[in-house]
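Remarks on the structure that follows.
The values are calculated or read from the model by the stated rules, or taken from the named source; none is laboratory data. All values reported here derive from a predicted model rather than from experimental measurement. Note that we place each Cβ from the backbone using ideal geometry, even for glycine, and neighbour counts take in every protein chain shown. Note: areas computed on protein heavy atoms with side chains; ligands, DNA, RNA excluded. Shrake-Rupley method; radii C 1.70, N 1.55, O 1.52, S 1.80 Å.
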Amino acid sequence: MSTENTSAAPEGKQPTTILCIGMAGSGKTTLMQRLNAHLHSEKRPPYILNLDPAVGNLPFTANIDIRDTVNYKEVMKQYNLGPNGGILTSLNLFTTKFDQVLGFVEKRASSVDHILVDTPGQIEIFTWSASGAIITDTLAATYPTVVAYIIDTPRTTAPATFMSNMLYACSILYKTKLPFILVFNKTDVVSHQFAVDWMTDFESFQQALQQDTTYMSSLMNSMSLVLDEFYSHLKVVGVSAVTGEGMDEFFTAVDEATEEYEKEYKPEIERLIREKQEKEEQHRQQQLSKLMNDMKVSKGSEVPLGQQPKRMEDETWEEEDEEHQDEDEDEEGEEEEEDGSDEEEENTLLSASRFPPSANQRQTDAKFKAWLTQANQSSME
């Protein structure tokens, strides 16, 4: 999908796109249901996109569903792929028509406040896959876009799993370059306060690491120092998809991230789009100049009006005519000296054609001339 088609955002109201990303089992789909219900309760129904081709049952109604376009199991069968490869390939195939998806979204953009996007649990799609980059770049170039990274709070209580989640979040943040919200889900089971303490208080995380005696503790200790700067620029909220706790805090963070997008991210995206367009235009001009240079030819000579230029073949034949005329004159001179006949009585049989006679024709003419001379001499006697 070209950047020129997506750079022109629709005029008027701009809905905020919330891109829900997270590991499998973190509760993305359930949270999507809760967000949908919350917005409907406030009379602000969202526009929903489902990009997970392998989901068995959606607890909400999606406006655009990838399953209506791509058959996940058929893709696995045709391309001989496993579950993860089938999901990635299905999303890649769907992304080739993402411009049509934007066309449908644009028709409803003026009537909604939020666009919710549910994604597969394979978060590598948004770290190195081309389809993930196309989706995020296209949405971000068209509408204010926020990334909501969903974390399974009960499974993050161990420092190792917590650090793993933070590293994934860091990679997605720097890959998408969009406003980022850390959403700790399932807070009805375990409170996310421990994670907030680990992110804001370095000593607190160090104490948790002291209880871990494995070889991973030294690595996590070093990584915590690196991620300390990363934590300072994140928005953190705790929600429960089951009870609905934290929904107001979540949408407050979304509004703040939208303002951040307008002030910081949108000018940067527009600058990158302009640079890309300038490079493409410069490349087109270079190719055009190269083509024009290749098509250049030397100028022809001027011909006076009314005078037809001679063709090359005409000049060639004229030269040959002169050579053959010289040969004929030599032969005629020799015959006159030998026979001593009168020049006025001799019939030279000039060729009426502008093309030179062949060698056989010249020999036949010579024999006929000799016979004619002999016949004249006989008649005179």
Just to confirm, what accessible area per residue do you get for the stretch 16-72 at 1.4 Å probe, in whole Å²?
40
Run the paramagnetic zone check for ALA133: 7 angstrom along Cα to Cβ, then residues of the stretch 94-119 with backbone nitrogen under 13 Å.
none
In the stretch 43-167, carbon and sulfur make up what percent of the accessible area (probe 1.4 Å)?
50
What full-extension length gain, to one decimal in nm, is calculated for ASN84 and SER358 as 0.36 nm per residue of separation minus the Cα-Cα distance?
90.2 nm
Along the charge dipole of the stretch 238-286, pointing to its positive end and built from +1/-1 on Cβ of Lys, Arg, Asp and Glu, which listed residue (VAL239, GLN282, LEU272) has its Cα farthest out?
GLN282
Given the convex hull over the Cα atoms of the stretch 14-77, what projected area results after averaging over all orientations, in nm²?
5.2
For the stretch 252-297, max minus min Cα coordinate along each principal axis, in Å, sorted largest first?
68, 11, 6
Potential lengthening between TYR174 and GLU270 on full extension [0.36 nm per residue; Cα-Cα distance subtracted]
32.8 nm
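Please give the direction-averaged projected area of the C-alpha convex hull for the stretch 193-254, in square nanometres with one decimal.
Values: hull surface 21.3 nm².
With the hull built on Cα positions only, its mean projection is 5.3 nm².
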Mind grabbing the base-10 log of I(q)/I(0) for the stretch 109-191 at q = 0.14, 0.18, 0.25 Å⁻¹? Debye formula, identical points on the C-alpha positions, no solvent, two decimal places.
-0.54, -0.84, -1.31
Would you kindly calculate the mean projected area, averaged across all directions, of the convex hull enclosing the Cα atoms of the stretch 76-214, in square nanometres?
11.4
Per-pair calculated FRET efficiency, R0 = 25 Å: THR243 and GLU42 via Cβ, rounded to 0.05:
0.90
Phi angles of the stretch 229-244, converted by Karplus (6.51 cos²θ - 1.76 cosθ + 1.60, θ = phi - 60°) into ³J(HN,Hα) in whole Hz with x for Gly and Pro, give 5, 5, 5, 5, 10, 9, 9, 10, 9, x, 9, 10, 5, 7, 8, x
Once every Cα of the stretch 163-286 carries one equal point scatterer and solvent is ignored, give the base-10 log of I(q)/I(0) from the Debye formula at q = 0.16, 0.17, 0.19, 0.23 Å⁻¹, two decimals.
-0.91, -0.98, -1.12, -1.35
Value of D in µm² per second that Stokes-Einstein yields for the stretch 1-146, Kirkwood Rh from Cα pairs, at 4 °C (1.567 mPa s):
83
Cut-off 20 Å, label point 7 angstrom out along Cα-to-Cβ of GLN282: give me the residues of the stretch 241-275 whose amide nitrogen falls inside.
268-275
